[in-house]
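The values are calculated or read from the model by the stated rules, or taken from the named source; none is laboratory data. Just so it is clear, the model here is predicted, and its values are computed rather than measured. Note that we place each Cβ from the backbone using ideal geometry, even for glycine, and neighbour counts take in every protein chain shown.
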């Protein structure tokens, strides 16, 4: 017996990479799957029904049930369509997994409005476009699982990804809100911030990584990759993300709601909520001088600048000695 | 001694009312020249009124400060570019942008219409891009600058009925962290404020909604309760931390989000991994079923648990008494 026997799932972006691994495992665990993927390039251009069809073929060959959907999540009608297809085909929707995404990396000062819009449309609006129609049905049936895809590029920050990082961090926030909107109806909503070697991560050139680290800029990967990731260095296959997603989709996970999980290789972490870490308090209005004392000595003590100004940049304030705590 | 922001020039979005207004007033009092941006819309984004921004400019100039009115919307690329350009035209330079502007269209996700989603994301999140982009070009060239954006506990902690606003505000926090990494090496800092204050915007949440949430056991973004703090909910309490981040002293504070309410200033956790389970291979669903509740999530609560009388697959059946 599978963990997802009889469940109906929509998995966006499941023609390749992490989404594909999820669709395959879901089917193996007994779920019927709408395999959504318009088969675009990493930058969102093009279109190819092949990848989704290929996954459906593989699932069927292994004795599972799946149908192809090639709508774009960036369209409101596209999101509605794929949810409708699940209902038309199998009478309901139990699980929605939002993996679809594109990249248009660029430093903020070079980023075109169109590059911002395209990434926000697919990732962030794409989550709204599927969650909205699914939530209506899940609320009515008092059951459902929504699993979103965030990223450490947003939850921790990364160079050259203002659009992608903002969208992915927004998805983490949306996950926490939707969890609260739907929890009382027996629906859970969680998110995964994955690490895996896919077509998408290959677009980041090694030279860019080297440049960042030589400039002392903390990238998401540097912060998140625990030592174990290098110890288990070979485990970056996208399939490794799928078991945690399948677990969150199962009945057993009925009370897990509103969390972001970092999943990479054999490592699964629950992320800190961005709650208050340290506090300074005064029963009145702060002055700038008081803040300078308290921020330096308490609030930001031993907290590093993730991208410090280069040595040759003349930074006003750099030469001001830290004020000793009175 | 020179004022800390003397000779510098700033754009404050949404500066006609509430917290934005207070940021503009204090920035000007500390010597900064300010583009006071506010299209004077209603909380839901409708309408238009040049009055609020003009009023703030009048106050600043009457007190001997420098300010100009801008009534563009941050929701368009041209609007964002315009207000940055206006700072350069009026004051000859640009040293900082503070993005406070925002609207609300609260609705539970299952009732949230596409336009309610789009409008809120456009003002808060795309509005952030619309000002940060042109500002970053100038700041990178100057090897100096400050970008401060307003996030919210609604997205950081999550608040029912605000998936559009919460997503946009959490997205801003992500943008803050990315911007910090793109611009830090050029002497620019990027930080965020997650404020709490009694303003026109918070007054729009009906008390009945708060009561409903509390009755249903839905956790919400914390409302700080001590009476002394209640008195400190006036919006001007948010301004000093913003202006401190603008000052030269804060040259090395970058990529952080600060909760500010009354006299309380907190540094928010980065969303780093908190607890980890690891295996030298691929997990099975069965293994995760054993370890996730008992280890990874031990002691952590569901923020909106299903009611006890809901027949829920997977839930142990013992709890029928309630």
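Condition check: modelled with pLDDT under 95, surrounded by 24 or more Cβ atoms within 10 Å (Cβ to Cβ), within 7 Å of another protein chain (Cβ to nearest Cβ) and assigned to a helix (DSSP H, G or I). Does residue A:154 satisfy that? Give the derivation first.
Details: modelled with pLDDT under 95: yes; surrounded by 24 or more Cβ atoms within 10 Å (Cβ to Cβ): yes; within 7 Å of another protein chain (Cβ to nearest Cβ): yes; assigned to a helix (DSSP H, G or I): yes.
Criteria met by residue A:154.
Take the conditions touching a strand residue (DSSP E or B) at 6+ places or on another chain (Cβ under 8 Å), at pLDDT 95 or above, within 7 Å of chain A (Cβ to nearest Cβ) and closer than 18 Å to residue B:130 by Cα and apply them to residue B:175. Does it pass? Yes, satisfied. For the criterion of being touching a strand residue (DSSP E or B) at 6+ places or on another chain (Cβ under 6 Å) and either at pLDDT 80 or above or not in a helix (DSSP H, G or I) (or both), residue B:233 fails. Considering every residue within region B:278-292, establish whether at least one is part of a strand (DSSP E or B), surrounded by 14 or more Cβ atoms within 10 Å (Cβ to Cβ) and under 37 Å from the mean Cα position of the chain (by Cα). Looking through region B:278-292, at least one residue is part of a strand (DSSP E or B), surrounded by 14 or more Cβ atoms within 10 Å (Cβ to Cβ) and under 37 Å from the mean Cα position of the chain (by Cα).
Does residue A:193 satisfy the condition of being in contact with a strand residue (DSSP E or B) (Cβ under 7 Å, 6 or more places away or on another chain), within 23 Å of residue B:122 (Cα to Cα), at pLDDT 95 or above and crowded, with 23+ Cβ neighbours inside 10 Å?
Details: in contact with a strand residue (DSSP E or B) (Cβ under 7 Å, 6 or more places away or on another chain): yes; within 23 Å of residue B:122 (Cα to Cα): no; at pLDDT 95 or above: yes; crowded, with 23+ Cβ neighbours inside 10 Å: yes.
Criteria not met by residue A:193.
Any idea how many residues of region A:25-47 are within 30 Å of residue A:116 (Cβ to Cβ) and either in contact with a strand residue (DSSP E or B) (Cβ under 6 Å, 6 or more places away or on another chain) or not assigned by TED's automatic domain parsing to the domain that holds residue A:74 (or both)? Walk me through it before giving the result.
Let us first name the residues in region A:25-47 that are within 30 Å of residue A:116 (Cβ to Cβ), namely A:34-47.
Now drop any that are not either in contact with a strand residue (DSSP E or B) (Cβ under 6 Å, 6 or more places away or on another chain) or not assigned by TED's automatic domain parsing to the domain that holds residue A:74 (or both), which leaves A:34-36.
Of the residues in region A:25-47, 3 are within 30 Å of residue A:116 (Cβ to Cβ) and either in contact with a strand residue (DSSP E or B) (Cβ under 6 Å, 6 or more places away or on another chain) or not assigned by TED's automatic domain parsing to the domain that holds residue A:74 (or both).
Restricting attention to region B:65-96, the residues that are more than 20 Å from residue B:51 (Cα to Cα) and in a strand (DSSP E or B) add up to 1.
Residue under question is residue B:97, and the condition is that it be within 25 Å of the chain's Cα centre (by Cα), buried (at least 23 other Cβ atoms within 10 Å of the Cβ) and farther than 21 Å from residue B:190 by Cα; does it hold? So residue B:97 fails the test. Screening region B:100-152 for residues that are without any contact (Cβ under 8 Å) to a residue 24 or more places away in the chain and at the interface with another protein chain (Cβ under 7 Å from one of its Cβ atoms) and picking the one that is surrounded by the most Cβ atoms within 10 Å (Cβ to Cβ) gives B:110.
Here is a yes/no grid of residues against (1) touching a residue at least 40 places away in the same chain (Cβ under 8 Å); (2) over 30 Å from residue B:144 (Cα atoms); (3) surrounded by 22 or more Cβ atoms within 10 Å (Cβ to Cβ); (4) more than 14 Å from chain B (Cβ to nearest Cβ):
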{"position": "A:33", "(1), (2), (3), (4)": "no, yes, yes, yes"}
{"position": "A:43", "(1), (2), (3), (4)": "yes, yes, no, yes"}
{"position": "A:68", "(1), (2), (3), (4)": "no, yes, no, yes"}
{"position": "A:84", "(1), (2), (3), (4)": "yes, yes, no, yes"}
{"position": "A:93", "(1), (2), (3), (4)": "yes, yes, yes, no"}
{"position": "A:119", "(1), (2), (3), (4)": "yes, no, yes, no"}
{"position": "A:126", "(1), (2), (3), (4)": "yes, yes, yes, no"}
{"position": "A:134", "(1), (2), (3), (4)": "yes, yes, yes, no"}
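Filter region A:172-197 down to the residues that are part of a strand (DSSP E or B) and more than 9 Å from the chain's Cα centre (by Cα) and list them by number. Result: A:187, A:188, A:189, A:190, A:195.
Looking at A:278, A:323, A:310, A:318 in this structure, which one is at pLDDT below 90 and facing chain B (nearest Cβ under 7 Å)? So that I can check it myself, show each step before the final result.
Details: A:278 fails: at pLDDT below 90; A:323 fails: facing chain B (nearest Cβ under 7 Å); A:310 fails: at pLDDT below 90.
Of A:278, A:323, A:310, A:318, the one residue that is at pLDDT below 90 and facing chain B (nearest Cβ under 7 Å) is A:318.
The sole residue among A:317, A:258 that is assigned by TED's automatic domain parsing to the domain that holds residue A:192 and at positive phi is A:258.
Consider region A:104-129. How many of its residues are touching a strand residue (DSSP E or B) at 6+ places or on another chain (Cβ under 6 Å) and farther than 16 Å from residue B:179 by Cα? Full working, then the answer.
First, pick out the residues of region A:104-129 that are touching a strand residue (DSSP E or B) at 6+ places or on another chain (Cβ under 6 Å): A:105, A:115, A:127.
Next cut, farther than 16 Å from residue B:179 by Cα only: A:127.
Matching residues across region A:104-129 total 1.
If I ask for residues that are more than 7 Å from chain A (Cβ to nearest Cβ) and either closer than 18 Å to residue A:157 by Cβ or in a helix (DSSP H, G or I) (or both), which ones from region B:257-268 would you list? Break it down stepwise before answering.
So in region B:257-268, the residues more than 7 Å from chain A (Cβ to nearest Cβ) come out as B:258, B:260-262.
Listed by number, the list holds a single entry, B:258.
Scanning region A:260-272 for residues that are within 7 Å of chain B (Cβ to nearest Cβ) and buried (at least 20 other Cβ atoms within 10 Å of the Cβ) gives A:260, A:262, A:267, A:268, A:269, A:270, A:271. When region B:116-169 is filtered for residues that are part of a loop (DSSP other than H, G, I, E, B) and touching a strand residue (DSSP E or B) at 6+ places or on another chain (Cβ under 6 Å), the ones remaining, listed by number, are B:151, B:152.
All told, residue A:72 meets the bar of being touching a helix residue (DSSP H, G or I) at 6+ places or on another chain (Cβ under 6 Å) and in the same structural domain as residue A:202 (by TED's automatic domain parsing). The selection criterion, being over 29 Å from residue B:212 (Cα atoms), modelled with pLDDT of 95 or more and more than 8 Å from chain A (Cβ to nearest Cβ), does not hold for residue B:180. Would you say residue A:169 is at pLDDT below 85 and part of a helix (DSSP H, G or I)? Taking the combined requirement at face value, the residue does not satisfy it.
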